[in-house]
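Engineer: Dropping a structure here in structure tokens format, bear with me for questions.
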Ligand SMILES: [Zn+2]
């Protein structure tokens, strides 16, 4: 295990209490996503042992949004997810997350990803959006189909 590298902890690290030792950081605001008492306790223990709580810079958030827009993950990432990714970018760290969209965007950002459960995505994905009425495929998520106006649009794997 590398000890000089920052590990950026997503919620799964606190819920499962599984993550690498060494330098650890997480996004400001993550405590709102940690709901059960055990995980909250674990979170405060880590905090007293040096867990760094960081608010990422706006420009790294913008960078992450651009990447996630390109991969099609943006609409499923929460603001905390974006912060986790932004910190991965700022610290050039390893992201610890079970969330496939976080993992996918992180891999596109050339960051290392470790999952808490052992479920890591094996391949990079780019998502596209398909209208279920007329089968029009578009790169960006829209409220309604630009061809037929249907609002029944779902996400598909582009490759
Ligand atoms: Zn359509």
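Engineer: Of the numbered conditions (1) at pLDDT below 95; (2) within 15 Å of the chain's Cα centre (by Cα); (3) on the phi > 0 side of the Ramachandran plot, residue 17 fails exactly one; give the number of that condition.
Structural biologist: All conditions are met except number (2).
Engineer: Let me ask another. Identify, please: which residue in the stretch 98-117 is part of a strand (DSSP E or B) and either out of contact with any helix residue (DSSP H, G or I) (no Cβ under 6 Å at 6 or more places or on another chain) or touching a residue at least 60 places away in the same chain (Cβ under 8 Å) (or both) and is, among those, nearest to residue 33 (Cα to Cα)? Quick ask: steps written out before the conclusion?
Structural biologist: Going residue by residue through the stretch 98-117, those that are part of a strand (DSSP E or B) are 112-114.
From what is left, the residues that are either out of contact with any helix residue (DSSP H, G or I) (no Cβ under 6 Å at 6 or more places or on another chain) or touching a residue at least 60 places away in the same chain (Cβ under 8 Å) (or both) are 112, 114.
Values: 112: 23, 114: 19 Å.
By that ranking, first place goes to 114.
Engineer: Separate question: Can you name every residue in the stretch 131-159 that is in a loop (DSSP other than H, G, I, E, B), exposed (fewer than 11 other Cβ atoms within 10 Å of the Cβ) and away from the ligand (no atom under 13 Å from the Cβ)?
Structural biologist: Hit for the stretch 131-159 is 159, nothing else.
Engineer: Might you check whether a residue that is touching a strand residue (DSSP E or B) at 6+ places or on another chain (Cβ under 6 Å), closer than 30 Å to residue 156 by Cα and assigned to a loop (DSSP other than H, G, I, E, B) occurs anywhere in the stretch 23-45?
Structural biologist: Looking through the stretch 23-45, none of the residues is touching a strand residue (DSSP E or B) at 6+ places or on another chain (Cβ under 6 Å), closer than 30 Å to residue 156 by Cα and assigned to a loop (DSSP other than H, G, I, E, B).
Engineer: Further question: Kindly check whether there is at least one residue in the stretch 48-67 that is within 23 Å of residue 155 (Cα to Cα) and assigned to a loop (DSSP other than H, G, I, E, B).
Structural biologist: no
Engineer: Return yes or no: is residue 128 assigned to a strand (DSSP E or B), in contact with a strand residue (DSSP E or B) (Cβ under 7 Å, 6 or more places away or on another chain), over 28 Å from residue 21 (Cβ atoms) and within 16 Å of the ligand (Cβ to nearest atom)?
Structural biologist: Yes.
Engineer: Please verify whether residue 121 is more than 16 Å from the ligand (Cβ to nearest atom) and in contact (Cβ under 8 Å) with a residue 60 or more places away in the chain, treating the condition exactly as stated.
Structural biologist: So residue 121 fails the test.
Engineer: Can you say whether residue 74 is at pLDDT below 95 and either touching a strand residue (DSSP E or B) at 6+ places or on another chain (Cβ under 6 Å) or crowded, with 19+ Cβ neighbours inside 10 Å (or both), as far as the supplied structure shows? First the steps, then the outcome.
Structural biologist: Numbers: at pLDDT below 95: yes; either touching a strand residue (DSSP E or B) at 6+ places or on another chain (Cβ under 6 Å) or crowded, with 19+ Cβ neighbours inside 10 Å (or both): yes.
Criteria met by residue 74.
Engineer: Restricting attention to the stretch 74-84, which residues are farther than 13 Å from residue 95 by Cβ and part of a loop (DSSP other than H, G, I, E, B)? Walk me through how you get there before you give the answer.
Structural biologist: So in the stretch 74-84, the residues farther than 13 Å from residue 95 by Cβ come out as 74-76, 78-79.
The answer is 78, and nothing else.
The values are calculated or read from the model by the stated rules, or taken from the named source; none is laboratory data. Not measured: the values here are computed from a predicted model. Glycine also receives a Cβ, built like all others from the backbone with ideal geometry; neighbour counts cover every protein chain displayed.
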